[in-house]
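Notes to accompany the following structure.
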Amino acid sequence: MRKRLRRTTFVLVMTLVTVLLAPSTGWPQDEQAEEDDQPRPGFLTAPRSSSPEDIARDFIEARRQELGLTAADTADLIVTDAFESSHAGVTHVYLRQRHQELEVVGANTTVNIADDGSVVHAVARFMPDLAGSAAGRASLDAPQATRRGAEQLGLEPTSDPEVLTRRTGPERETVLSDGGVSEQPIPAELVYQPTEDGELRLAWNVEIEEPSGEHWWNASIDAQTGELLATVDYVDQDDVRATAAALARPAAATTSGTGTATSTTTAAQADGASYRVYGLPLETPNDGERSLVTDPADPLASPFGWHDTDGVEGPESTRTQGNNVHAYTDHNNSNTPDPVSDPDGGPELVFDFPLDLTEHPHEYSDAAVTNLFYLNNIIHDVFYRYGFDEASGNFQVNNYGRGGLGGDDVRAEAQDGGGMNNANFAAPSDGNRPRMQMFLWGSALPNAVTVDPPSPAAGSYQASGAAFGPELDETGLSGDIALVDDGAGSTSDACEPLVDFPSGAIALLDRGVCPFTEKVSNAQDAGAVAVIVANDVPGAPITIGGADPTITIPSAMVTLADGDTIKDGLPATGLVHRDPVTSQIRDGDLDAGIIIHEYGHGISNRLTGGPNTAGCLSNQEQMGEGWSDWLAVALLALPSESGEQPRGIGTYALFQPDRTLQGIRPTPYSTD
């Protein structure tokens, strides 16, 4: 069997020619070139008057031999994207190889062309000898290949993917049902996938967005053998183990372009919205107090304000939802908004909510979501001025007729229940909605179960919390601890109404068989004041997930071993409460450096390879991490900072007192 590509990467060095193109005497004479057709200093070619697409194709063709390519290798190049950056006046042309009318995954070239037709810069990543390398046949159809690929990704389909739509043509573009492994229907098409041993295998390329939000796979599955050949994860993960004066809103401006960005003169449509936030360049609560920021929307980037989606004066939403982002909490990790968790600013659009940092973040979620909404919009507007606009693939519901594909505002999920000490950003191709997941930072086990003497189990046991029901406080809830009996099956899983449960006691029950909400609801109906869930597998307790607004009692989970110990110590009394030490929690939604870093992944993923080519920054040494850090440091630089001072990323999330400390990286940065 061939050596398989490492997951989450496209390692194509063995098969692709990767060359930074430099000025060459092989550039052909052009009848329309200026009399002196030598490149100007800093440019690769002399000016030309042809279309950018023709210039890019001619540029590659003139250097075909230098790249080790044959005429057949460049005979079928498609333009996946071409747009002019209104900020720099440069047209970016993205080309991809095809073989037998099928796209070759990862075989991309970018040619950047100045407004006079001069080539500024180009990077080629084409594969040589397409005809001699191609192999395989389509023995498997799209559903068969998708199921095999999902299983090799460690997913467990609950049903066979079924064909929802299918198009004719060489690619056999197909849309499949989710099979129980994807948040949405699964697109599939035939492609050619390069492998490490130099073959070009016929493959089904599919996209699977895991319901957990942890991974969003672009996977190539061999169409003949079903082998998983390569994967790209659209989700950029950033956790603790992973690797300038204050910004003022620019005045209204006029920009013009000759490509897909149309000439536009914009006047502000101020909507009077105000937000109490840590306004840039403040990064976190360590830097100062919140302030009420009024009308921060940039008149060019967001001409109708942040709450518009129809391009007509007046907001379509009074909540933290608009053209650029929809911000809300996702405590139960459902990838959907918790009920009414996108706070309402009312008809005057005043988003001014209390914030007490001594409380658990769930108690000030409205303030946190407002901060996240503000920052996503500010980042959108700032980088619009630097060229990340509609034509280049930015994130907007309505592109206002300026090019690109709409319908892809950011889903910004605050206080996400899918993990701790982390944040991520998933950016698929243009027109598909990205997702930002912001997590809480601190101990994953904020609660404790204390068993009183003289029980043999006397002592304190660390416990997780739940995404539903009230939060525990340090006072907690006390009473007899009673093992539940539901009279069916294992009897202690609480999946049926409880039998003879002592009202006013703390219910001890086992994980498994049915949803957590069903267990806790049955305990609540029987008169329990709190619930202790004993894990049914070794390892740390998890956050008890689910959503049920009718549940009014708290719950917490202990390990399998601790649960067994407590059971062996019954009868006993005890206390379920918040641990004053491990319960220290900080909210990543209040750390602008982390938010900018995550949004930066969306920018670099859309711009590297073009807005319709996601996954170019998936290898182990890709530059996206450093670029995202740089954007955060640049946007948040304080007038008082000097180049001699260290500058950390994520210092607030790590409970460090100021930004001059190390943060989450092995070495701090500097504003120099």
- Which one of Gly393, Ser334, His360 has its Cα pushed farthest toward the positive end of the charge dipole of the stretch 317-406, where Lys and Arg give +1 and Asp and Glu give -1 at the Cβ? Gly393
- Reported label for calculated Rg and Dmax of the Cα atoms in Å given (i) 28.8, 87; (ii) 29.6, 96; (iii) 28.0, 99: (iii)
- When the chain is fully extended, how far beyond the present Cα-Cα distance does Glu518 get from Val581, taking 0.36 nm per residue of separation? 19.6 nm
- Could you calculate the contour length gain from Glu313 to Asp287, that is, 0.36 nm times the residue separation minus the distance between their Cα atoms, to one decimal place in nm? 5.8 nm
- Message: Which of rounded, prolate or oblate describes the stretch 420-486 when judged by the alpha-carbon gyration tensor and an a/c cut-off of 1.5?
- Response: prolate
- Task: Express as a percent, rounded to the nearest 5, the fraction of DSSP beta bridges in the chain (both residues included) that run antiparallel.
- Result: 75
- Task: Using the heavy atoms of the protein chains and a 1.4 angstrom probe, tell me the accessible area per residue for the chain in square angstrom.
- Result: 40
- Item | Partnerless cysteines, meaning none of the other Cys C-beta atoms lie under 4.7 Å away, in the chain | Cys616
- Note on the structure: Gyration tensor on Cα atoms of the stretch 282-361, a ≥ b ≥ c root eigenvalues, a/c under 1.5 rounded, else prolate if a/b beats b/c, else oblate, says oblate
- Message: Please list 3J(HN,Hα) in residue order for the stretch 333-342, calculated via the Karplus relation 6.51 cos²θ - 1.76 cosθ + 1.60 where θ = phi - 60°; whole Hz, with x for glycine and proline.
- Response: 6, 9, 6, 9, x, 4, x, 6, 8, 9
- At a 1.4 Å probe radius, carbon and sulfur cover how many percent of the accessible area of the chain? 51
- Rounded to one decimal in nm, the spacing of the 7 Å Cα→Cβ label points at Thr294 and Tyr386 is 3.0
- Positive minus negative residues near Glu183 (Lys, Arg vs Asp, Glu; Cβ under 9 Å): -3
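Say R0 is 56 Å: what FRET efficiency, to the nearest 0.05, do Thr552 and Val123 get from their beta-carbon distance?
0.40
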- May I ask you to derive the relative contact order of the stretch 272-403, considering only C-alpha pairs under 8 Å and at least 6 residues apart, and to give it as an integer percent? 26
- Taking R0 as 51 Å, what's the FRET efficiency between Glu471 and Arg137 from their Cβ-Cβ distance, rounded to 0.05? 0.30
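The values are calculated or read from the model by the stated rules, or taken from the named source; none is laboratory data. The shown structure was predicted, so the numbers you read here are calculated from the model rather than taken from an experiment. Neighbour counts run over all protein chains shown; Cβ positions are idealised from the backbone, glycine included. The area values use the complete protein model at the heavy-atom level, side chains included, leaving out ligands, DNA and RNA. Shrake-Rupley method; radii C 1.70, N 1.55, O 1.52, S 1.80 Å.
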